[in-house]
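Shown next, in structure tokens, is the structure this report addresses.
The values are calculated or read from the model by the stated rules, or taken from the named source; none is laboratory data. Values in this document were obtained by computation on a predicted structure and should not be read as measured data. All Cβ positions, even for glycine, are placed from backbone atoms using ideal geometry, and neighbour counts span all protein chains on display. We work out accessible area using only protein heavy atoms, side chains counted, and drop any ligands, DNA or RNA first. Shrake-Rupley method; radii C 1.70, N 1.55, O 1.52, S 1.80 Å.
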Amino acid sequence: MKKIIVTGGAGFIGSALVRALLVRGEDEVEVIDNLLTGCEHNLKEVASRVRLHKLDIRDAQAIAPVILGADVVYHLAAIPSVPRSIADPIPSHEINIDGTFNVFRAAAQGGVRRVVYAASSSAYGDTEVLPKTESMAPRPQSPYAVQKLVGEYYASVFHSCFGLETVALRFFNVYGPRQDPGSPYSGVLSLFMKHLLNRTTPTIFGDGEQSRDFTYVEDVAAVCVKAAVATDVAGKIYNAGNGGRFTLNFIWDVLQKMEGVHIPPVYGPPREGDVRHSMADTASAIADLGHAPQFSIEEGLRRTLDWYRTTA
Ligand code: UD2
């Protein structure tokens, strides 16, 4: 039996990946998570089939024996959020850079076949050209973006210097069930869902015309699994977005229509470190990984809203 590790597997994206792996028939899935932003509840339905190691990736000695001998490590553990990395940069630096180094090192020393690393579209910053292609020079504009980019560089160098197979996937604004709306640093769509169902007013930072390539969480889980098996991809970086972009104003309008309500948002000042527009060029991921996003924005929003309505 092949051991599969998901760091951050109790988080919103990690737990979706764990479920996708189990559906595929992987039967030795282990999670490393310090439960800082993730929670055990996210793994509730699959708890009997998953081993949860409550460990922090900053603790290199603790994670090494868990990673030892794994076939694949999906490295998703991180402190997300651009504004959080500005307000409180040290923990995100330590987890996103030092912790990521520890995971790669444990994988290289522990004979792991491949590490799939969750990178971020924030690496692009404000490029003039859309869509954003992997060959563009990175222009990080927040500590979080720098941290995620350093992880990509480490992924590449662990391949070239230590022979570890790595694939970095740049996630583009992932949304869906289980995204926690409980923090001011939560992803905007989880906050929109909360406001919509509570009939409260969301705050939009800036004019709401900024756009994002919102990607449904199951599509991201699917491309992670593909990245673990694709050939001739070691050491490379791929966009894991949908190839579309929608403004915040558009999304809030769609959600109001779905719910049959009229709640004008409040507009605040633009957020520090924010990128204006984000949209993935998916050609390389389609060609090399067989990436095939399944969920339109309407379908993804509908499923997400249904989940919050019945569960949250
Ligand atoms: C960045 C990355 C994304 C992922 C994520 C992890 C970009 C383009 N995307 O997402 O790939 O790594 O970080 O955290 O860099 N907003 C509001 N009101 C709110 C909350 C947010 O208007 O209450 C705005 C915010 O100013 C931004 C947009 O919504 O323009 C998206 O913000 P977010 O925090 O959901 O994600 P973002 O784009 O920083």
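Just one of the numbered conditions (1) in contact with a strand residue (DSSP E or B) (Cβ under 9 Å, 6 or more places away or on another chain); (2) at negative phi is not true of residue 243: (2).
Restricting 287, 280 to residues that are of a type in the set (Gly, Ala, Ser) and within 19 Å of the chain's Cα centre (by Cα) narrows the list to 280. Assess whether residue 129 counts as being without any contact (Cβ under 8 Å) to a residue 40 or more places away in the chain, touching a helix residue (DSSP H, G or I) at 6+ places or on another chain (Cβ under 9 Å) and either over 23 Å from residue 290 (Cβ atoms) or within 8 Å of the ligand (Cβ to nearest atom) (or both). So residue 129 fails the test. Taking region 256-312 as the search range and keeping residues that are within 25 Å of residue 229 (Cβ to Cβ) and part of a loop (DSSP other than H, G, I, E, B), which one is farthest from the ligand (Cβ to nearest atom)? Checked region 256-312; the qualifying residue farthest from the ligand (Cβ to nearest atom) is 290. Which residues, counting only those in region 172-206, are small (Gly, Ala, Ser) and near the ligand (Cβ under 7 Å from one of its atoms)? The answer is 187, 206. For region 151-166, a tally of residues being open to solvent by less than 40 Å² (accessible area, probe 1.4 Å), away from the ligand (no atom under 13 Å from the Cβ) and of a type outside the set (Gly, Ala, Ser) returns 3.
A Cβ distance below 7 Å, combined with a sequence gap of six or more or placement on separate chains, defines the contacts here; from region 208-219, residues that are within 15 Å of residue 276 (Cβ to Cβ) reach residues that are more than 9 Å from the ligand (Cβ to nearest atom) and assigned to a strand (DSSP E or B) in the pairs 208/247; 209/247; 210/247; 211/246; 211/247; 212/246; 213/280. When 245, 212 are checked against the criterion of being surrounded by 21 or more Cβ atoms within 10 Å (Cβ to Cβ) and either farther than 23 Å from residue 152 by Cα or away from the ligand (no atom under 14 Å from the Cβ) (or both), 245 stands alone in meeting it.
Does residue 90 satisfy the condition of being in a helix (DSSP H, G or I), β-branched (Val, Ile, Thr), without any contact (Cβ under 8 Å) to a residue 60 or more places away in the chain and open to solvent by 50 Å² or more (accessible area, probe 1.4 Å)?
Yes; evaluated as a whole, the condition is true for this residue.
Number of residues in region 6-62 that are open to solvent by 60 Å² or more (accessible area, probe 1.4 Å) and acidic (Asp, Glu) equals 4. If we scan region 186-198, do we find a residue that is small (Gly, Ala, Ser) and open to solvent by 60 Å² or more (accessible area, probe 1.4 Å)? Scanning region 186-198 turns up no residue that is small (Gly, Ala, Ser) and open to solvent by 60 Å² or more (accessible area, probe 1.4 Å). Listed conditions (1) within 24 Å of residue 282 (Cα to Cα); (2) more than 16 Å from the ligand (Cβ to nearest atom) are all met by residue 98, apart from (1).
Taking residue 169 as the residue in question, decide whether it is within 15 Å of the ligand (Cβ to nearest atom) and within 18 Å of the chain's Cα centre (by Cα).
Answer is yes for this residue.
Criterion first (closer than 22 Å to residue 32 by Cβ and either touching a Leu at 6+ places or on another chain (Cβ under 9 Å) or crowded, with 19+ Cβ neighbours inside 10 Å (or both)) does residue 144 satisfy it? So residue 144 fits the description; yes.
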